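What follows is a short report on a single structure.
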Amino acid sequence: MATTHIHAYGTEAATAPLHQLSIERREPTAHDVVIEILYCGICHSDLHQVKNDFGGTMYPIVPGHEIVGRVTAVGDHVTKFKVGDLAGVGCIVDSCGHCAYCQEGEEQFCQNDVTFSFNSPDKVSGGHTFGGYSESIVTNEEYVLHMPESLDLAGAAPLLCAGITVYSPFKHWKVGPGSKVGIVGIGGLGHVAIRIAKALGAHVAVFTTSASKADDAQRLGADEAIVSTDPAQLAAHAGSLNMILDTVSAKHDINAYLSLLKVDGSAVLVGLPPEPLTVGAFSVVMGRKSLSGSNIGGIRETQEMLDFCAEHNITADIELINMQDINEAYERLEKGDVKYRFVIDMASLKN
Ligand SMILES: [Zn+2]
Ligand SMILES: [Zn+2]
């Protein structure tokens, strides 16, 4: 298969810093779109996979699945994009297309062979996929999103993972006017979740361990901000929430949050704590409560989310960095020292 060499940033080992390297992208096939990457968000899972925290990382790894750019070429049979269009690529770049979940537009649950944007076997080119810390990407048009022209592109990049990760459960659990939603944690996911839940019409209560972030929650649009380390503040909200979106990836007591749900309420995990959670039976039995989880969203719903965010002018709060500063950004991300998402200005790769 014909390929082109391009510049990218990645690493050959879990312990080595990211650095510039050369990767190959396939020449576009009939249904492919070639996108010059303008911005790429830094998701916490980039860092986890670089460090092989989940196991199975294939090196060299080029992370990045919050990709926005402009179409520079299209295959002969592409109908959805033309040269010059804005385009986005999120977590999913291919799937079987025919299983029950793909048919329903929930490719993230494909039962056969979903292909993720990086660190996934590449069934077209062989080898494994390389993500958005690169000059360009070549993706089947069915997995490419239309980026709204009205949104700030750098701020919109994180919507492609963080945005859909929080939007999809809000839709699944029917958050809207009249719902009272709790959002646990204000970070890359939580801060976007506040904006989306408000735009859906919900009453939003935010739970954070940090008093300074509680102030920020209100700036982001939350109706209430609760310091979760204060038992009296938590108790004041007992039995009041229809749904809780738990974005925390560190160890924490889920039972304390389950007590805040109304009867039939659901707590939904989108963060990934490394250790199993301990759930007391009484926490769910009393009040017929559910503890659940959600994983990104399908392509159709991702487009719906982007259009919704355009309508409500929702983007992420970002710190724009140069590609060369990636290792420092990773160190800060590990400490939670970013408000609230790093985005790479991919023009810097040419410096
Ligand atoms: Zn992500
Ligand atoms: Zn499938």
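The values are calculated or read from the model by the stated rules, or taken from the named source; none is laboratory data. Treat the numbers as computed from the prediction; the structure is a model and nothing was measured. Glycine also receives a Cβ, built like all others from the backbone with ideal geometry; neighbour counts cover every protein chain displayed. Remember, those area values only see protein heavy atoms, side chains included, never the ligands or the DNA or RNA. Shrake-Rupley method; radii C 1.70, N 1.55, O 1.52, S 1.80 Å.
Applied to region 141-147, the Karplus parametrisation 6.51 cos²θ - 1.76 cosθ + 1.60 on θ = phi - 60° returns per-residue 3J(HN,Hα) values of 4, 5, 10, 9, 9, 7, 8 Hz, with x for Gly and Pro. Classify region 102-207 from the C-alpha gyration tensor, please: rounded if a/c falls under 1.5, else prolate or oblate depending on whether a/b exceeds b/c. Because a/c hits 1.5 or more and a/b exceeds b/c, region 102-207 counts as prolate. Estimated at 0.36 nm per residue, the fully extended path between HIS312 and ASP230 surpasses their Cα-Cα distance by 26.2 nm. For region 115-148 versus region 197-228, the inter-centroid distance based on Cα atoms is 35 Å.
Taking amide hydrogens as placed 1.01 Å from N in the peptide plane, the amide H of LYS262 sits under 5 Å from those of SER240, LEU241, ASN242, each at least 5 positions away in sequence or on another chain.
Phi angles across region 250-263 convert, under the Karplus curve 6.51 cos²θ - 1.76 cosθ + 1.60 with θ = phi - 60°, into 3J(HN,Hα) values of 10, 4, 7, 8, 5, 4, 4, 7, 4, 5, 8, 7, 6, 4 Hz, Gly and Pro given as x. Take the Cβ atoms of GLU12 and THR79, set R0 to 56 Å, and the FRET efficiency comes out at 0.90.
Per residue, the accessible area of region 181-333 comes to 43 Å² when a 1.4 Å probe rolls over the protein heavy atoms. Multiplying the residue separation of ASP215 and GLU36 by 0.36 nm and subtracting their alpha-carbon distance yields 60.6 nm.
Adding -39500 (n - 2.57) for every DSSP H run of four residues or longer, then dividing by how many residues the chain holds, sets the calculated 222 nm ellipticity at -6500 deg cm²/dmol.
Sites listed here are trypsin sites (Lys or Arg not before Pro) in region 260-351 whose DSSP assignment is loop and whose Cβ has at most 13 other Cβ atoms within 10 Å: ARG288, LYS335.
Binning all Cα-Cα separations of the chain at 10 Å, short to long from zero, yields these whole-percent fractions: 6, 25, 33, 24, 10, 2, 0. Per-residue extension of 0.36 nm, minus the Cα-Cα distance of SER240 and HIS146, leaves a gain of 30.0 nm for this segment. For the chain, DSSP calls about 55 percent of its internal beta bridges antiparallel. Under 5 Å from the amide H of GLU27 lie the amide H atoms of ALA2, THR3, THR4, each residue being 5 or more positions distant or on a separate chain, with H modelled from the backbone and absent for Pro and chain starts. Binning the C-alpha pair distances of region 269-351 at 5 Å intervals from 0 yields a P(r) profile of 3, 10, 11, 13, 15, 16, 15, 9, 4, 3, 1, 0 %, listed from the shortest bin outward.
Annotation: amide H of PHE342 within the under-5 Å range of ILE42, GLU319, sequence separation 5 or more or interchain, hydrogens built in the peptide plane. In terms of the Cα gyration tensor, with a ≥ b ≥ c the square roots of its eigenvalues, is region 40-173 rounded because a/c is under 1.5, prolate because a/b exceeds b/c, or oblate? It is rounded, given that a/c, with a ≥ b ≥ c, falls under 1.5. Applying the criteria of a DSSP loop state and at most 12 other Cβ atoms within 10 Å to the GluC sites (Glu not before Pro) of region 1-89 yields GLU12. The share of accessible area on the chain that comes from carbon and sulfur is 51 percent, using a 1.4 angstrom probe. Per residue, region 1-141 exposes 42 Å² of accessible surface when a 1.4 Å probe is rolled over the protein heavy atoms with every protein chain present.
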